[in-house]
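**Student:** Take a look at this one; I'll ask things after.
The values are calculated or read from the model by the stated rules, or taken from the named source; none is laboratory data. No experiment lies behind these values; they were computed from the predicted model shown. Here Cβ is always computed from backbone atoms with ideal geometry, including for glycine, and neighbour counts include all displayed protein chains. Accessible surface areas use protein heavy atoms only, side chains included; no ligands, DNA or RNA. Shrake-Rupley method; radii C 1.70, N 1.55, O 1.52, S 1.80 Å.
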Amino acid sequence: MNKNQQLFQLPELLPAPELLKLMQMLREAQRIVITAHHGPDGDAVGSTLAWAAYLRHLGKDATVALPSWHPDFLRWMPGNKDIIIYRDKPEEVKALLKSADLVCCLDFNDLSRLNAMAEVVEQCKAPRLLIDHHSGGKLEQFSLLVSHPEMSSTCELVLRLLYQLGAYDDMTRSTAACLYTGIMTDTGNFAYSSSDPVLYLCVSLLMRKHVDKESIYKKVYHNWSRGKFTLWNDVLSDCLSFHANGHASIFTLTRQMMKSHKFMRGDAEGLVNEPLKIRGMKVSIALREDTDEDVVRVSIRSTGGFHCREMAERFFNGGGHDDAAGGKLPFPIEEAVVTAAKAIEAYAEELKSIS
């Protein structure tokens, strides 16, 4: 091994027994369904598309079937046109799962995160492979676990798996672009969850595949509609309230507001991070009325030493990462605001004490 190869050598992700079990699982499967959580983000879409590309390279019949649509700003991703959406084609997805001999579950660790698709996957008799980086969950639902909550993203996990499986040399630029997108979006363009030096070794490996990171950044972050721009302005101007002496905030987003701004899926993504730009702000809570179900979607972000995952678990029927969590509450949104205020009050002393 020359010095250049040593420089880009990733540490092994799986111990030998687990790696062999994974290889056997993949060898024995031919019809494979790959899925991710409801409301898929860049990490969910990027990891499923990259994993599907690898399985097809092995000669497998691999299909990505997601519970619901992903944001418009991710539709450029290589392989996007082959994704099947359960909400649009439930019978087709049911037929795929009925004939599947392996289900790969990426970027979630509880079947309930599939929403309407959860029961169909649960009834499927095929073994389930989990590849995920979230804490908690119901791991007993899966046959083989590749679970590393300490990692930045599921895309980082997939890259490290492919590397250990000897698939890096054959990785295409398109697959690398999918993986880079997931890592970029799940770290806020490397603003958080990105302190591990190995992550940057992963990024360097993707860059060696000639990923155009500037182009990807523009497609994801500089691709706003006028409606999204005015929506963000109105929410931050009229719907944002401050709590705990300015250390916490809550904002609401109603169906009526979304309708008036011609809301498209993904238009609210990242909005919850904006209040954290205010000096002294440590936790931001976003409450959004779902457009399909009578629930209020909750997104929470934290910084400055306060971690929001416990808050999500205690008050919002959810969970997630230390500084990026979420959940859901029943209608109406006015009651959700009361719950959010109670959650902040429960942590008021901690928010005050953290410098």
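**Student:** Compare Asp169, Asp43, Asp290 in a GNM of the chain, Cα atoms joined below 10 Å, and give the one with the largest fluctuation.
**Tutor:** Asp169
**Student:** OK, next. Does anyone have the angle between helix 173-186 and the longest principal axis of the chain? Alpha-carbon axes, 0 to 90°, nearest 10?
**Tutor:** So the helix axis and the longest Cα principal axis differ by about 30 degrees.
**Student:** Mind pulling the angle between the C-alpha long axis of helix 197-207 and the longest principal axis of the chain? Nearest 10 degrees, somewhere in 0 to 90.
**Tutor:** It is inclined by approximately 60 degrees.
**Student:** Name the shape class, rounded, prolate or oblate, that the alpha-carbon gyration tensor gives for segment 74-145, where a ≥ b ≥ c are the square roots of its eigenvalues, rounded holds for a/c under 1.5, and otherwise prolate holds if a/b is larger than b/c and oblate otherwise.
**Tutor:** It is oblate, given that a/c is not under 1.5 and a/b is not larger than b/c.
**Student:** Work out, in µm²/s and without decimals, the Stokes-Einstein translational diffusion coefficient of segment 214-271 at 20 °C, 1.002 mPa s, Rh from Kirkwood over C-alpha pairs.
**Tutor:** Calculated translational D: 169 µm²/s.
**Student:** While we're looking at this one, here's another question. With a ≥ b ≥ c taken as the square roots of the eigenvalues of the C-alpha gyration tensor of segment 131-209, please select rounded if a/c is under 1.5 and otherwise prolate if a/b is larger than b/c or oblate if it is not?
**Tutor:** Because a/c hits 1.5 or more and a/b fails to exceed b/c, segment 131-209 counts as oblate.
**Student:** In nm, what is the difference between 0.36 nm times the number of residues separating Asp290 and Ala116 and their Cα-Cα distance?
**Tutor:** Working it through step by step, the gained length comes to 61.2 nm.
**Student:** Let me ask you something else. Go ahead and estimate [θ] at 222 nm for the chain from helices alone: -39,500 (n - 2.57) per DSSP H run with n ≥ 4, summed, over the residue count, rounded to 500.
**Tutor:** Working: 14 runs with 141 residues, N = 355.
Theoretical 222 nm ellipticity from helices: -11500 deg cm²/dmol.
**Student:** For segment 95-241, would you read off the P(r) tail past 24 Å as a percentage of all alpha carbon pairs?
**Tutor:** 48
**Student:** Follow-up question, since we're still on this one. Stretched out fully, how many nm does the piece from Gln30 to Gln123 gain, at 0.36 nm a residue minus the Cα gap? Numbers along the way, then the final one.
**Tutor:** Numbers: separation 93, 0.36 × 93 = 33.48 nm, distance 1.91 nm.
Separation in residues times 0.36 nm, less the Cα-Cα distance, equals 31.6 nm.
**Student:** For segment 303-355, list log₁₀ I(q)/I(0) at each q in 0.14, 0.17, 0.26, 0.32 Å⁻¹, using the Debye formula over Cα point scatterers of equal strength and ignoring solvent, two decimals each.
**Tutor:** -0.36, -0.53, -1.04, -1.23
**Student:** Now, a different point. Determine the percent antiparallel among the DSSP beta bridges restricted to segment 198-355, to the nearest 5. Walk me through the intermediate numbers first.
**Tutor:** Details: 20 of 26 bridges.
DSSP beta bridges in segment 198-355 are roughly 75 percent antiparallel.
**Student:** Just grab the label-to-label distance for Ser225 and Glu18, each label 7 Å out from Cα along the Cβ direction, in nm (one decimal).
**Tutor:** Simple spin-label model gives 4.2 nm for this pair.
**Student:** Given charges of +1 on the Cβ of Lys and Arg and -1 on the Cβ of Asp and Glu, with all other atoms neutral, how large is the dipole of the chain about its Cα centre, in debye to the nearest 20?
**Tutor:** Values: 40 positive and 45 negative charges, 177 e Å.
The dipole magnitude comes to about 840 debye.
**Student:** Going down the list Lys282/Lys352; Lys94/Lys125; Lys218/Lys262; Lys219/Lys282; Lys60/Lys98, which pairs span over 19 Å between their C-alpha atoms? Present the calculation step by step, with values, prior to reporting the outcome.
**Tutor:** On the way: Lys282/Lys352 9 Å; Lys94/Lys125 12 Å; Lys218/Lys262 22 Å; Lys219/Lys282 29 Å; Lys60/Lys98 17 Å.
Listed pairs above 19 Å: Lys218/Lys262; Lys219/Lys282.
**Student:** In segment 102-199, which GluC sites (Glu not before Pro) fall in coil by DSSP and have 11 or fewer other Cβ atoms within 10 Å?
**Tutor:** Filter output for segment 102-199: Glu150.
**Student:** Give me the percent relative contact order of the chain, please, defined on Cα pairs under 8 angstrom at least 6 residues apart.
**Tutor:** 13
**Student:** Pop the C-beta distance of Lys138 and Ala341 into the FRET formula with R0 = 35 Å and round what comes out to the nearest 0.05.
**Tutor:** Values: r = 30 Å, r/R0 = 0.86.
So, using R0 = 35 Å, E works out to roughly 0.70.
**Student:** Looking at the square roots a ≥ b ≥ c of the eigenvalues of the Cα gyration tensor of segment 166-249, which shape do they give, rounded for a/c under 1.5, prolate if a/b is larger than b/c, or oblate?
**Tutor:** It comes out oblate by the Cα gyration axes.
**Student:** Just to confirm the number: angle between the C-alpha axis of helix 154-164 and the first principal axis of the chain, 0 to 90 degrees, nearest 10?
**Tutor:** That helix lies at roughly 20 degrees to the long axis.
**Student:** Taking a probe of 1.4 angstrom, what is the accessible area of Val338 in Å², to the nearest 10?
**Tutor:** Using a 1.4 Å probe on the heavy atoms, I get roughly 80 Å².
**Student:** Roll a 1.4 Å probe over the protein heavy atoms and report the accessible area of Lys138 in Å², nearest 10.
**Tutor:** 90
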